[in-house]
Amino acid sequence: MTGEAESDRLRRCVELAAEALWAGDEPFGSVLVASDGRPLAEDRNRVVTGGDATLHPEFTLARWAATNLSPAERSAATVFTSGEHCPMCAAAHGWVGLGRIVYVSSAAQLAGWLAEFGAAASPVRMLPITQVVPDLVVEGPFDELADEVRELHRRAVNGHG
Ligand SMILES: [Zn+2]
């Protein structure tokens, strides 16, 4: 995939994160892309509307991949995502044998933003993906989109004003 196509995928992740926010969920979105660049599946966070705090898009895509893709297809696929995987999602990604991850903003950036906005502390410690799945190829953050993601999180914490 070209760099331009990759930034289009990341832009779609930010759109999905915005859709999640408008629906009342947390602003995260992810796209699973095949080795030839075809998008295979996408999802957004559904923790509020789905009534399940594990309904993170990265976790949903990992389970979709386990059901629908061969091991070879999974290892050649890329997950694009608006925010770096949490430890639960990183573990799911690693367990099902998915390939590269490309994220807009890092877990460390998110933790800093949430503290700045006065959000309640997360019950789960945020770790870099490679502390959970050491051999994974991970790229990010992408600063040209990170400000948009930061703004979505600000609105999620402080209301839409
Ligand atoms: Zn997660």
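For the reader, a short list of remarks on this structure follows.
- Whether a residue is in a helix (DSSP H, G or I), aliphatic (A, V, I, L, M) and under 16 Å from Val33 (Cα atoms) was assessed, and Ala156 does not pass this test.
- Some residue of the range 74-89 being among the acidic types (Asp, Glu) and farther than 21 Å from Val14 by Cβ: no
- Members of the range 29-66 that are within 11 Å of the ligand (Cβ to nearest atom), out of contact with any helix residue (DSSP H, G or I) (no Cβ under 6 Å at 6 or more places or on another chain) and touching a residue at least 40 places away in the same chain (Cβ under 8 Å): Pro57
- Test: residue in the range 97-110 that is closer than 22 Å to Glu144 by Cα, in a helix (DSSP H, G or I), free of Cβ contacts under 8 Å to residues at least 40 places away in the same chain and more than 11 Å from the ligand (Cβ to nearest atom): yes
- The residue pairs whose first member lies in the range 75-93 and is in contact (Cβ under 8 Å) with a residue 24 or more places away in the chain, whose second member is within 9 Å of the ligand (Cβ to nearest atom), and whose beta carbons are closer than 6 Å, counting only pairs six or more residues apart or on different chains, are Thr81/Glu58; Ser82/Phe28; Gly83/Phe28; His85/Glu58; Cys89/His56; Cys89/Glu58; Cys89/Phe59; Ala92/Phe59.
- Residue list for the range 4-28, restricted to those being out of contact with any strand residue (DSSP E or B) (no Cβ under 9 Å at 6 or more places or on another chain), without any contact (Cβ under 8 Å) to a residue 60 or more places away in the chain and within 19 Å of Ser106 (Cα to Cα): Asp8
- Matching entry among Ala23, Ala76, Ala18 (being more than 11 Å from the ligand (Cβ to nearest atom) and more than 24 Å from Val124 (Cα to Cα)): Ala76
- Qualifying residues in the range 113-146 (those that are within 17 Å of the chain's Cα centre (by Cα) and over 17 Å from Ile101 (Cα atoms)) - the one least open to solvent (accessible area, probe 1.4 Å): Trp113
The values are calculated or read from the model by the stated rules, or taken from the named source; none is laboratory data. For clarity, every value in this text was computed on a predicted model and none was experimentally measured. Here Cβ is always computed from backbone atoms with ideal geometry, including for glycine, and neighbour counts include all displayed protein chains. Heavy atoms of the whole protein, side chains included, go into the accessibility calculation; ligands, DNA and RNA do not. Shrake-Rupley method; radii C 1.70, N 1.55, O 1.52, S 1.80 Å.
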